[in-house]
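Colleague: What follows is a structure written as structure tokens; I'll ask about it next.
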Amino acid sequence: MPAARGKKTRQLPSPAAANAAAASFAALVESLQYLDAASIEQVRQAYRFADEAHLGQLRKSGQPYITHPIAVAAQCAAWKLDAQALMAALLHDTIEDCGVTKPELIERFGAPVAEMVDGLTKLDKLHFTTREENQADSFRKMLLAMARDVRVILVKLADRTHNMRTMGDMPRDKWARISSETLDIYAPIAHRLGLNQTYRELQDLAFRYLRPWRYNILAKAVAKARSRRRDLVQKVQQEVETVFANAGMKVRIAGREKTLYSIYQKMEDKHLSFAQVTDIYGFRVIVPSVVDCYTALGLLHQMYKPVPGRFKDHIAIAKLNGYQSLHTTLVGPSGVNVEFQMRTEAMHVVAESGVAAHWLYKANEGESAMADRLGTKWLQSLLDIQHETRDAAEFWDHVKVDLFPDAVYVFTPKSQIMAMPRGATVVDFAYAIHSNVGDRTVAAKINGEQVPLRTELKNGDVIEVITASISAPNPAWLGFVRTGRARSKIRHHLKSMALTDSESLGEKLLTQALRAEGMERLPDVDSEHQPMWDKLLRFTGNRNRAELLTDISMGKRVASIVAKRLMVLLTETGEKPDALLLSRERYTAHETVSQGAVVLDGSENTSVQFARCCRPIPGDAIVGYLGRGEGLVVHCDDCAVAKRLQYKDSERFISVDWADEPVRSFETGVVITVTNGKGVLARVAAALASAEVDITHVDMGQDEGQNASDLRFVIAVRDTAQLELALRQLKRTPLVLRAVRAKPAA
């Protein structure tokens, strides 16, 4: 988002300013010699169009506005991007600032260029109620365009880099917002795509304008340290060059200094003073081949002692963004730590230019292999997240999760290496393999041992995911998954399941209410009954039948009122209530179980909740409470909480009953009074295990120093018969004084 604009008024530029703009374009053309003549002519046409569109617009510095698109295109030329990307760079502000339309750009420059410019354009602010909403949707648009064409983000990063370089011309009150945005969003994207040089520059520029005082203090400290250690650095470089010359190795050695922001970050994170930051200086050793990288490492380790734990091999296992190098930290002269990075020329280009190196090297390497190696799978995953997430702010939350540099490297059982973000769990790994694997995950093994699904992955772990066809994502997973892909897939699945379950429950409730009016079942959704459904939806205010049924299941619509209205509409079409059914339903309406009862078998998922106060299980007499917006909540009919609700809100209670064969176990509580002694908990657990009961929660209480304690267990049982068996087993256990089912307080 251009940060330094002056487009409120149009002024004619001075002849000197116009000459400067023309001269800067001439310099750009000089750097385009890697393109053919036809491509250069296309770029020149785009320049003329942009120059005319921006005529009279000035930047805050007073320069003609066209100097900004030229500077952006120059950065793209440094990355050796193709003609289409350079044209998009020159035209990137024409839609937003100059009233040029996308169809006009398609006609003049072709669809690919117009799509790139459109992806770079902010959405019209009039469409949004807040700046945050506008910003989130704007980023979503840019990121999705970038997923389809990575050149979009390269142009965007070049745009942001030039705006940050000229930030000094902007009013100071804008510095903090633009710098924070750069640090939080654009710098991480640059790092994620391997644009190391741009990443470092954006961080330092943002730091300079966000914390000017700290930046200046640190800059002076580094300048002092540089002058003090100049002799030391020169000595190290000479010694290293001599060693390589004697070994007959052709190398190129370049000094590398930590950026001010990375020094500041290290001081902040580790609570260090400037004097304690030891690895400010380093060297890059550029060698001809991969084998030479390891040879160079051996020579350096013979010269100086390596610092233990500071060697990293990013050649054998590349970083997520395609970065490859060997890293080692050595104790140099005077005990000063010096970092060395060994890499080939091709690795160096990728390290500095990342995804942009795709254009530099695509002639020498298969395009698909290069794209994969440079981390563009992440860009494709943005499209997957977009399919599940239509809300702009939620989409951006998912994407931000993935914008960090750290990674761990793990293996599948077939020894395939996978890079995962640091902090990723087994569930993240499962979704990284395939969304179907993630959705069906039930257990996992790491290095052959079974582990909880929330286990964080470590470098070198071998992970085996165990799936089951009947399994589905658990809402609790959202509490620990780390990647945006996993989070969006889980949320999408849960939303879909909740809507399906709620619709099914709503249909049951409406059918039950309609039976009380004398009609056996709901009318079909066909051409004959469609007008009647349309009238009913106008009455309820719902958009469609599915939404109406969902509202009924969530307690937002009362099923009996909707059923009465539906009966009126059916009568108008000539259908009459069944007198026998009507009398039978009314006769049994006050019975515990009527023929219209909602039958529960435990497969209802999110649409039905079993109250935690009384924890009903099959075999209990139960009632259903249709809470407002909560769906159906099932209580034991003697539950004190249910009785209070019935007194206040009796019309919201409906008849429910257990199915003959529930499909799962249900949780209930037991209170076990025990004599304190060695091994008592083990004996209680063994008694429950002998009754084939699962323990899901234990509360030991705080009864220290007393002879007896109350242990509160939550256990999963099939029905009341299994619960009775468990209680009998407990009562026979030594040291157990009493075992009863937990009941809510009255």
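The values are calculated or read from the model by the stated rules, or taken from the named source; none is laboratory data. Since the structure is predicted, the reported quantities are computational estimates derived from the model, not experimental observations. Quick reminder, even Gly has a Cβ in these numbers, built from the backbone with ideal geometry, and neighbours come from all protein chains shown.
Colleague: For the subset of segment 256-295 comprising residues that are among the hydrophobic types (A, V, I, L, M, F, W, C) and in contact with a strand residue (DSSP E or B) (Cβ under 7 Å, 6 or more places away or on another chain), which member is nearest to Arg226 (Cα to Cα)?
Modeller: Within segment 256-295, the first condition is being among the hydrophobic types (A, V, I, L, M, F, W, C), and the residues that meet it are 260, 263, 267, 272, 274-275, 277, 280, 283, 285-287, 290-291, 293.
In the following step, the residues that additionally are in contact with a strand residue (DSSP E or B) (Cβ under 7 Å, 6 or more places away or on another chain) were identified as 280, 283, 285-287, 290, 293.
On the way: Ile280: 9, Phe283: 14, Val285: 20, Ile286: 23, Val287: 26, Val290: 32, Cys293: 28 Å.
Residue satisfying both the conditions and the ranking: Ile280.
Colleague: Of everything in segment 412-441 that's on the phi < 0 side of the Ramachandran plot and more than 22 Å from the chain's Cα centre (by Cα), which residue is modelled with the lowest pLDDT?
Modeller: Gln416
Colleague: Then there's this: Within segment 448-465, identify whether any single residue is out of contact with any strand residue (DSSP E or B) (no Cβ under 9 Å at 6 or more places or on another chain), modelled with pLDDT of 85 or more and more than 29 Å from Ser496 (Cβ to Cβ), and answer yes or no.
Modeller: Our first condition is that a residue be out of contact with any strand residue (DSSP E or B) (no Cβ under 9 Å at 6 or more places or on another chain); within segment 448-465, this holds for 449.
Within this subset, residues satisfying the condition of being modelled with pLDDT of 85 or more are 449.
Then drop every residue that is not more than 29 Å from Ser496 (Cβ to Cβ), which leaves 449.
Yes; the residues of segment 448-465 include at least one that is out of contact with any strand residue (DSSP E or B) (no Cβ under 9 Å at 6 or more places or on another chain), modelled with pLDDT of 85 or more and more than 29 Å from Ser496 (Cβ to Cβ).
Colleague: Evaluate segment 50-61: report whether one residue or more is in contact with a helix residue (DSSP H, G or I) (Cβ under 9 Å, 6 or more places away or on another chain), of a type in the set (S, T, N, Q) and buried (at least 19 other Cβ atoms within 10 Å of the Cβ).
Modeller: So far as segment 50-61 goes, yes, one or more of its residues are in contact with a helix residue (DSSP H, G or I) (Cβ under 9 Å, 6 or more places away or on another chain), of a type in the set (S, T, N, Q) and buried (at least 19 other Cβ atoms within 10 Å of the Cβ).
Colleague: Considering only residues that are under 20 Å from Val562 (Cα atoms) and either among the charged types (D, E, K, R) or assigned by TED's automatic domain parsing to the domain that holds Ala424 (or both), which ones fall in segment 483-527?
Modeller: The answer is Asp501, Glu503, Glu507, Lys508, Arg515, Glu517, Glu520, Arg521, Asp524, Asp526.
Colleague: Please identify the pairs in which a residue from segment 464-482 that is in contact (Cβ under 8 Å) with a residue 12 or more places away in the chain has its Cβ atom under 8 Å from the Cβ atom of a residue that is among the aromatic types (Phe, Trp, Tyr), counting only partners at least 6 apart or on another chain.
Modeller: Short answer, once both residue conditions are applied: Val465/Phe429; Val481/Tyr431.
Colleague: I've got another one for you. Condition first: in contact with a strand residue (DSSP E or B) (Cβ under 8 Å, 6 or more places away or on another chain), surrounded by 12 or more Cβ atoms within 10 Å (Cβ to Cβ) and at positive phi. Can you find one or more residues in segment 659-672 that meet it?
Modeller: Taking every residue of segment 659-672 in turn, none turns out to be in contact with a strand residue (DSSP E or B) (Cβ under 8 Å, 6 or more places away or on another chain), surrounded by 12 or more Cβ atoms within 10 Å (Cβ to Cβ) and at positive phi.
Colleague: Answer yes or no: is there a residue in segment 205-221 that is farther than 30 Å from Asn459 by Cβ, touching a Leu at 6+ places or on another chain (Cβ under 6 Å), crowded, with 16+ Cβ neighbours inside 10 Å and among the aliphatic types (A, V, I, L, M).
Modeller: yes
Colleague: Inside segment 663-692, can you point out the residues that are without any contact (Cβ under 8 Å) to a residue 60 or more places away in the chain and assigned to a strand (DSSP E or B)?
Modeller: Matches in segment 663-692: Glu667 only.
Colleague: Still on this structure, please answer the following. Scan segment 27-51 residue by residue and report those that are assigned to a loop (DSSP other than H, G, I, E, B) and small (Gly, Ala, Ser).
Modeller: Across segment 27-51, the qualifying residue is only Ser31.
Colleague: When only residues in segment 254-279 that are under 11 Å from Leu218 (Cβ atoms) and outside any helix (DSSP H, G or I) count, which is modelled with the lowest pLDDT?
Modeller: Val277
Colleague: So, one more: Identify the single condition in (1) more than 30 Å from Arg741 (Cα to Cα); (2) out of contact with any Lys or Arg (no Cβ under 8 Å at 6 or more places or on another chain); (3) modelled with pLDDT under 80 that Asn605 does not satisfy, given that it satisfies every other one.
Modeller: (1)
Colleague: Please pick out the residue among Leu232, Leu202 that is within 24 Å of Gly168 (Cα to Cα) and either among the aromatic types (Phe, Trp, Tyr) or surrounded by 14 or more Cβ atoms within 10 Å (Cβ to Cβ) (or both).
Modeller: Step by step, each of Leu232, Leu202 is checked, and only Leu202 is within 24 Å of Gly168 (Cα to Cα) and either among the aromatic types (Phe, Trp, Tyr) or surrounded by 14 or more Cβ atoms within 10 Å (Cβ to Cβ) (or both).
Colleague: In segment 45-76, which residue that is out of contact with any Ser or Thr (no Cβ under 9 Å at 6 or more places or on another chain) and among the hydroxyl-bearing types (Ser, Thr, Tyr) is modelled with the lowest pLDDT?
Modeller: Filtering segment 45-76 for residues that are out of contact with any Ser or Thr (no Cβ under 9 Å at 6 or more places or on another chain) and among the hydroxyl-bearing types (Ser, Thr, Tyr), the one modelled with the lowest pLDDT comes out as Tyr65.
Colleague: Does Ser690 qualify as being under 45 Å from the mean Cα position of the chain (by Cα) and either surrounded by 14 or more Cβ atoms within 10 Å (Cβ to Cβ) or more than 28 Å from Ile622 (Cβ to Cβ) (or both)?
Modeller: It is true that Ser690 is under 45 Å from the mean Cα position of the chain (by Cα) and either surrounded by 14 or more Cβ atoms within 10 Å (Cβ to Cβ) or more than 28 Å from Ile622 (Cβ to Cβ) (or both).
Colleague: Being among the basic types (Lys, Arg), buried (at least 18 other Cβ atoms within 10 Å of the Cβ) and under 24 Å from the mean Cα position of the chain (by Cα) narrows it down to one residue among Arg151, Arg177; which is it?
Modeller: Result: Arg151 is the single residue among Arg151, Arg177 that is among the basic types (Lys, Arg), buried (at least 18 other Cβ atoms within 10 Å of the Cβ) and under 24 Å from the mean Cα position of the chain (by Cα).
Colleague: Shifting gears a bit: Just to be sure before I move on: is Val641 surrounded by 14 or more Cβ atoms within 10 Å (Cβ to Cβ) and modelled with pLDDT of 90 or more in the structure I sent?
Modeller: No: the conditions fail for Val641.
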